[in-house]
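S.K.: Encoded as structure tokens, here's the structure I'll be asking about.
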Ligand SMILES: CC(C)(COP(=O)(O)OP(=O)(O)OC[C@H]1O[C@@H](n2cnc3c(N)ncnc32)[C@H](O)[C@@H]1OP(=O)(O)O)[C@@H](O)C(=O)NCCC(=O)NCCS
């Protein structure tokens, strides 16, 4: 007798084809589907692919998985559903930590065409994604969504934590004002590497150890910074003003940075930041929010932030909400413990969530 599970698996994958959209015409069809389902208000004048350069851009084709009914001829394949799959490493910055890293399969841009909805396409695609994630050695699948019922049905559970802290701009404006500026060239991928290294260094400071984050190369960072409607600010302590006047802004001398917005997502939200001193960051955020005429600004914060830093945040806040960070599906009972530990002791910054 053929085992029942296997018969089922064969039948659900038999009627469709999974493919990467290598041809420009396939990528256009995919982008139309994604825009229709994920950007229905059509309020943006840029493409959805520009919002996800690493997974929807032409060099990200291998991360993009389209589904078409198997009986369609190759050239006429109608894409009925899509999702990205991108394998990332989450790593602890503590060398003394015994288990330094886990592999996470990040999933995003999950959508089924309007006409194809409710026919089981996404269940099939998520089954295929799970198969690929396992074969690539992933410990878990991770994604971000408000579709609680759907993802629970697909076997995902909430994991990790993030604090969404609303900062009062009048309270921030009482703090010392650091020197803050927008570095030239980040929108075209021309930021000095030294500056990007410094930012990656800063975002690891001030959290309880071990602190886990997704590894990000300089190339990936500079591609992510090109996302439209993304604002990058860097700055340093007012005490360095003299040095500045003599030498101009120096890339490695920045004390903090923060990023607001990311395409259609997280507008008005500081979703990635790093600093040597919380008060400098808050003073810089206050200055920028005030220039933008805002009364409040939200910052996303890893809950494992050191106590002294969280006191400053509390003093400047009007509300603090705790939320799960992402939806997760561990891929084996053994990996579940490691994944929970890394996500509870770490953070996936907004720029890394696809
Ligand atoms: C959510 C979405 C991806 C589901 O795709 P789909 O191909 O219609 O889903 P399927 O037909 O494979 O459904 C699988 C199961 O989930 C259920 N389901 C589908 N959509 C659901 C929803 N919104 N809420 C709860 N359950 C849902 C189905 O009833 C089905 O259950 P069953 O197998 O027990 O009968 C699709 O509706 C969509 O593209 N929505 C708009 C874009 C979006 O919100 N994407 C998610 C962003 S992360």
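The values are calculated or read from the model by the stated rules, or taken from the named source; none is laboratory data. No experiment lies behind these values; they were computed from the predicted model shown. Here the Cβ is made from the backbone with ideal geometry for all residues, glycine too, and neighbour counts use every protein chain on show.
S.K.: Taking the stretch 1-52 on its own, how many of its residues are within 14 Å of residue 82 (Cβ to Cβ) and modelled with pLDDT under 80?
M.R.: 0
Residue-wise test of (1) more than 30 Å from residue 137 (Cα to Cα); (2) assigned to a loop (DSSP other than H, G, I, E, B); (3) modelled with pLDDT of 95 or more.
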position: 271; (1), (2), (3): no, no, yes
position: 274; (1), (2), (3): yes, no, yes
position: 321; (1), (2), (3): yes, no, yes
position: 335; (1), (2), (3): no, no, no
position: 338; (1), (2), (3): no, no, no
position: 343; (1), (2), (3): no, no, yes
position: 354; (1), (2), (3): no, yes, no
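S.K.: Is it true that some residue in the stretch 133-149 is touching a residue at least 40 places away in the same chain (Cβ under 8 Å) and more than 21 Å from residue 337 (Cβ to Cβ)?
M.R.: Yes: one or more hits.
S.K.: Enumerate the pairs (first residue in the stretch 171-192 and over 18 Å from residue 284 (Cα atoms); second residue anywhere and in a helix (DSSP H, G or I) and modelled with pLDDT of 95 or more) with beta-carbon separation below 7 Å, excluding pairs fewer than 6 apart on the same chain, so at least 6 apart or on different chains.
M.R.: Qualifying pairs under 7 Å: 189/222; 189/223; 191/222.
S.K.: Out of all the residues in the stretch 151-161, is one or more surrounded by 14 or more Cβ atoms within 10 Å (Cβ to Cβ) and more than 16 Å from the ligand (Cβ to nearest atom)?
M.R.: Checked against the condition, which is being surrounded by 14 or more Cβ atoms within 10 Å (Cβ to Cβ) and more than 16 Å from the ligand (Cβ to nearest atom), the stretch 151-161 yields at least one hit.
S.K.: Still on this structure, I have one more. If you check 61, 89, which single one turns out to be at pLDDT 85 or above, surrounded by fewer than 20 Cβ atoms within 10 Å (Cβ to Cβ) and either assigned to a strand (DSSP E or B) or within 16 Å of the ligand (Cβ to nearest atom) (or both)?
M.R.: None of the others qualify; the one that does is 89.
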